[in-house]
Amino acid sequence: MVELEIAVPRPQRWDVPFGDRMSESDVDRLLSVDPFRRADATAFPLTLPLRGVLRNDTRIVHFENGDLIVREGDYGHSAFMILDGAVRVALKSLDPQLLGRSTPTRPTWRRALAQLWQNAKLPEVRREFGKSTVLPDSVGIRQESDGTRIFLQDIPRQLDRTGTVRLEAGEIFGELAALARTPRTATVFADGPITLLEIRWQGLRDLMRRTPAIREHVERLYRENSLLVHLRETPLLDKLSASDLSRVAAATVFESYGNFDWYTDFGAERTKDPAATIAAEPLIAREGDVPTGLLLVRSGFARISRRRGHGEQTVAYLGKGQAFGLAELIKANETGQDVPLRCSLRAVGYVDILRIPSDVVINAILPTARTAKQTSQSSTSAVTGQSSQSAASAVEQPAIDPRTLDFLSDHRFLNGTETMLINLDRCTRCDDCVRACAATHDNNPRFVRQGPKHDQFMVANACMHCVDPVCMIGCPTGAIGRDQATGVVRINDRTCIGCSTCANSCPYDAIRMVEIRDTDGVFFFDEATNQPILKATKCDLCSDQLTGPACQQACPHDALVRIDMSDQAALASWLGR
């Protein structure tokens, strides 16, 4: 008789420790230094003991003089504490080539035309290929047991060029980018042999919750360096005086909801029933409750929904810088009575929230608004992407069909800034878009003309150049990075070592590993392993082409578009054609 079910233990958080070589003596060492020796072990639950966090969510790593520890522009998921030695923080941006990246240059018209007869006839040909990684003379590469290290060859020259700040034992860096998954703001390299404690974000979060010294350190740095800038960039707050803005910043509470590593379970999550998906999303604010403050999205995405029958209907979604709950606070200020929330707010994947208490909103923010009506419209725009309707009508008549919003949210296509949409009613399946992409990229298209479908449109399997590009986490050579001016996520072929980290991390399967060959069609093999040498490939939006994305330009029926999913007005216009 064949068994139809197999009982297995449920996977646990620490089944795969962050540092598999952490010993009990290593944990003892950590508990003997600040801030861990000041941590109260009794504040940690039995299911999440302090020693368990240190044993499973941290690892001790060693670097040699000049090793790059974090690179400006990288997306990381861990913070670092210096145990022994010191690091240098570059005060000025380093040359992108030193970080393993390249700057695209647009060709002249003559060079663009020459591509028609200069392109190789075979796919993925590399004309100049000697080593798997080609770095400037001032940079070296070293293989260690725990990964690939990039290091600076001429430290004195780099110090003269950039200027640095020296951090020594006991100091922590990289924590802000790790907790919010934002780009690293500076490059940090080793100043001599050093030993660091690397803490993955889950452990850092739990340590912050129960260790006041760590929490106060992180929050102090964020309030000093980033919070005022973030608040000032919010349209609702851009007219506040310096004193009022400081008052708002001092009262702001940091909150986070959802799974920071949402992409690890993404494949299984998007096959769930939509109702089950919404029900499983962490609730940030509940419809019918009295708001306790104004909610600003610091990073990530959140779903606005309202009760409909026995389920929830999506009304809209929020992204970075947008607000929730302002209309109710305005009404409460006008009437002197509590006004319940008309909708619920839920985390889609993971979201960071800044909560400004209600009394601070009423006393510090609303008096500075030009008029209550304009403020209400600003709130409506933040919540729904529409500024010409009242909050009530925007909730009743969303610009995009709720089913479509559910589809986009469930597949997390909200993450895309250059999502490829194809109108299946217009598309004739001529494949001109695919051929144009192949002609532009080494005779191998960088996307697949297939993907999830909804009504008359399809989201093609192509890089979306995400707001939250998790593919950039962990690249050892910095070969994958975002252009700070254009937002395009690109791979530097010359510094890609084919480790597949980016391809394995991408939740949309938009990065592919390809075997490369020379001009005679002979494949390159690793002389040490006798395995084919691979390179990561993906859509780069034809950033080095005069005409922009070749796929869109080649479509003869105007069936294909690259669109920013946060621009709901443009999205609604395209869907409604």
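The values are calculated or read from the model by the stated rules, or taken from the named source; none is laboratory data. Owing to the predicted nature of the structure, the values given are computational and were not obtained by experimental measurement. Cβ: placed from backbone, ideal geometry, glycine included. Neighbour counts: every protein chain shown. SASA here: full protein model, heavy atoms, side chains in, ligands and nucleic acids out. Shrake-Rupley method; radii C 1.70, N 1.55, O 1.52, S 1.80 Å.
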When (1) without any contact (Cβ under 8 Å) to a residue 40 or more places away in the chain; (2) surrounded by fewer than 18 Cβ atoms within 10 Å (Cβ to Cβ); (3) within 27 Å of G73 (Cα to Cα) are applied to G487, the one that fails is (1)
Among the residues of the stretch 41-64, what is the count of those that are open to solvent by 80 Å² or more (accessible area, probe 1.4 Å), farther than 26 Å from R181 by Cα and in contact (Cβ under 8 Å) with a residue 24 or more places away in the chain?
1
Please find, within the stretch 219-260, the residue that is modelled with the highest pLDDT out of those that are among the polar types (S, T, N, Q) and open to solvent by 70 Å² or more (accessible area, probe 1.4 Å).
S243
Taking the stretch 292-348 and keeping residues of a type in the set (S, T, Y) and under 16 Å from T234 (Cα atoms) leaves S299
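Being assigned to a helix (DSSP H, G or I) and modelled with pLDDT of 90 or more is the requirement here; does A438 meet it?
On the way: assigned to a helix (DSSP H, G or I): yes; modelled with pLDDT of 90 or more: yes.
In short, yes.
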Go through the stretch 162-218 and count every residue that is touching a Lys or Arg at 6+ places or on another chain (Cβ under 8 Å), of a type in the set (S, T, Y), under 17 Å from K92 (Cβ atoms) and not in a strand (DSSP E or B).
2
Within the stretch 499-507, is even one residue over 24 Å from F266 (Cα atoms), among the polar types (S, T, N, Q) and in a loop (DSSP other than H, G, I, E, B)?
no
Give me the pairs, please: first residue somewhere in the stretch 554-577 and touching a residue at least 24 places away in the same chain (Cβ under 8 Å) and open to solvent by 20 Å² or more (accessible area, probe 1.4 Å), second residue anywhere and small (G, A, S) and part of a helix (DSSP H, G or I), beta-carbon distance under 8 Å, and either six or more positions apart or on two chains.
A554/A436; D564/A570
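Please enumerate the residues belonging to the stretch 512-535 that are loosely packed, with under 10 Cβ neighbours inside 10 Å and either not acidic (D, E) or not in a loop (DSSP other than H, G, I, E, B) (or both).
Taking the stretch 512-535 first, the residues loosely packed, with under 10 Cβ neighbours inside 10 Å are 520, 522, 527-530.
Answer for the stretch 512-535, where residues must be loosely packed, with under 10 Cβ neighbours inside 10 Å and either not acidic (D, E) or not in a loop (DSSP other than H, G, I, E, B) (or both): V522, A528, T529, N530.
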Give the residue that is surrounded by the most Cβ atoms within 10 Å (Cβ to Cβ), with candidates limited to residues of the stretch 307-343 that are farther than 17 Å from R355 by Cβ and of a type in the set (S, T, N, Q).
T314
Against the condition without any contact (Cβ under 8 Å) to a residue 24 or more places away in the chain, in contact with a strand residue (DSSP E or B) (Cβ under 7 Å, 6 or more places away or on another chain) and among the β-branched types (V, I, T), how does V448 come out, does it pass?
yes
Note on E418: of the conditions (1) closer than 24 Å to I511 by Cβ; (2) modelled with pLDDT under 90; (3) among the acidic types (D, E), unmet is (2)
Please find, among C499, C471, the residue that is open to solvent by 30 Å² or more (accessible area, probe 1.4 Å) and either on the phi > 0 side of the Ramachandran plot or at pLDDT 85 or above (or both).
C499
